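The values are calculated or read from the model by the stated rules, or taken from the named source; none is laboratory data. Fair warning: this is a prediction, and the values are worked out from it, not measured in the lab. Cβ placement follows ideal geometry from the backbone for every residue including glycine, while neighbour counts extend to all protein chains displayed. Keep in mind that these areas ignore ligands, DNA and RNA; they rest on the heavy atoms of the full protein, side chains included. Shrake-Rupley method; radii C 1.70, N 1.55, O 1.52, S 1.80 Å.
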Amino acid sequence: MIIAEQKPLEEIKGLIAGAEKVLVVGCGTCVTVCFAGGEKEAGILASSLRMATKLDGNGKGVTHVTVQRQCEWEYIDPLSDQVSQADMVLSLGCGVGAQALAERFPKAVVVPGLNTSF
């Protein structure tokens with residue numbers, strides 16, 4: 001079983017500091033169960049990042065999408081267009097999900113938004 005928790009908002013803001021367009025990718029399986037990276041959490045984080053960066057005077061275009069499983073290419077392949085339009089991809093999947101996104105889209109900058117264990 002995978003247990004995950006979202007990184008603090010300030011840490012995530014630091015991770016995405018160099019990007020103007022950020023795609024938050026949630027995962028609908030393991031991290032959804034522990035309320036860290038599912039559809040709801042991806043939407044809340046995307047909204048929080050839009051508001052926080054706007055208040056900081058450096059508003060970013062933050063969109064979000066959730067796939068059934070980030071760890072399997074067949075589920076992330078449909079993201080190709082969205083990933084290519086983003087400066088950075090913020091993965092709300094476990095470590096395997098973030099790695100799968102980075103391997104599948106080698107030109108994309110993928111950063112993890114969760115701390116996972118087990």
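Among the residues of the stretch 49-86, write down those that are at negative phi, part of a loop (DSSP other than H, G, I, E, B) and either in contact with a Ser or Thr (Cβ under 7 Å, 6 or more places away or on another chain) or loosely packed, with under 12 Cβ neighbours inside 10 Å (or both).
Start the filter on the stretch 49-86 by keeping residues that are at negative phi, which leaves 49-56, 58-86.
Filter again for part of a loop (DSSP other than H, G, I, E, B), leaving 56, 58-60, 68-72, 86.
Result: Asp56, Asn58, Gly59, Lys60, Gln68, Arg69, Gln70.
Can you find a residue in the stretch 42-53 that is modelled with pLDDT under 95 and among the hydrophobic types (A, V, I, L, M, F, W, C)? Explain how you work it out, then say what you get.
Residues of the stretch 42-53 modelled with pLDDT under 95: none.
There is no residue in the stretch 42-53 that is modelled with pLDDT under 95 and among the hydrophobic types (A, V, I, L, M, F, W, C).
Are any residues in the stretch 18-37 in contact (Cβ under 8 Å) with a residue 40 or more places away in the chain and either over 15 Å from Val111 (Cα atoms) or open to solvent by 40 Å² or more (accessible area, probe 1.4 Å) (or both), and if so, which ones? Break it down stepwise before answering.
Residues of the stretch 18-37 in contact (Cβ under 8 Å) with a residue 40 or more places away in the chain: 18-31, 36-37.
Of everything in the stretch 18-37, those that are in contact (Cβ under 8 Å) with a residue 40 or more places away in the chain and either over 15 Å from Val111 (Cα atoms) or open to solvent by 40 Å² or more (accessible area, probe 1.4 Å) (or both) turn out to be Gly18, Glu20, Lys21, Gly28, Thr29, Cys30, Val31, Ala36.
Residues of the stretch 87-118 being part of a strand (DSSP E or B), within 14 Å of Leu23 (Cα to Cα) and in contact (Cβ under 8 Å) with a residue 24 or more places away in the chain, which ones? Before the answer, list the steps.
From the stretch 87-118, those part of a strand (DSSP E or B) are 88-92, 110-112, 114-117; that's our starting set.
If we keep only those that are within 14 Å of Leu23 (Cα to Cα) as well, we get 88-92, 110-112.
Matches in the stretch 87-118: Met88, Val89, Leu90, Ser91, Leu92, Val111, Pro112.
Provide a single number: the residues in the stretch 16-38 that are under 11 Å from the mean Cα position of the chain (by Cα) and part of a helix (DSSP H, G or I).
Residues flagged as under 11 Å from the mean Cα position of the chain (by Cα) and part of a helix (DSSP H, G or I) within the stretch 16-38 amount to 0.
Which residue is farthest from Ile3 (Cα to Cα), if the candidates are limited to the stretch 87-118 and must be among the aliphatic types (A, V, I, L, M), more than 12 Å from the chain's Cα centre (by Cα) and open to solvent by less than 40 Å² (accessible area, probe 1.4 Å)?
So the residue we want is Ala108.
Taking the stretch 1-16 as the region of interest, how many residues are open to solvent by less than 80 Å² (accessible area, probe 1.4 Å) and either in contact with a helix residue (DSSP H, G or I) (Cβ under 9 Å, 6 or more places away or on another chain) or at positive phi (or both)?
Filtering the stretch 1-16 for residues open to solvent by less than 80 Å² (accessible area, probe 1.4 Å) gives 2-4, 6-9, 12-16.
After this cut, where a residue has to be either in contact with a helix residue (DSSP H, G or I) (Cβ under 9 Å, 6 or more places away or on another chain) or at positive phi (or both) as well, the list is 2-4, 6-7, 9, 12-13, 16.
Going through the stretch 1-16 one residue at a time, the tally reaches 9.
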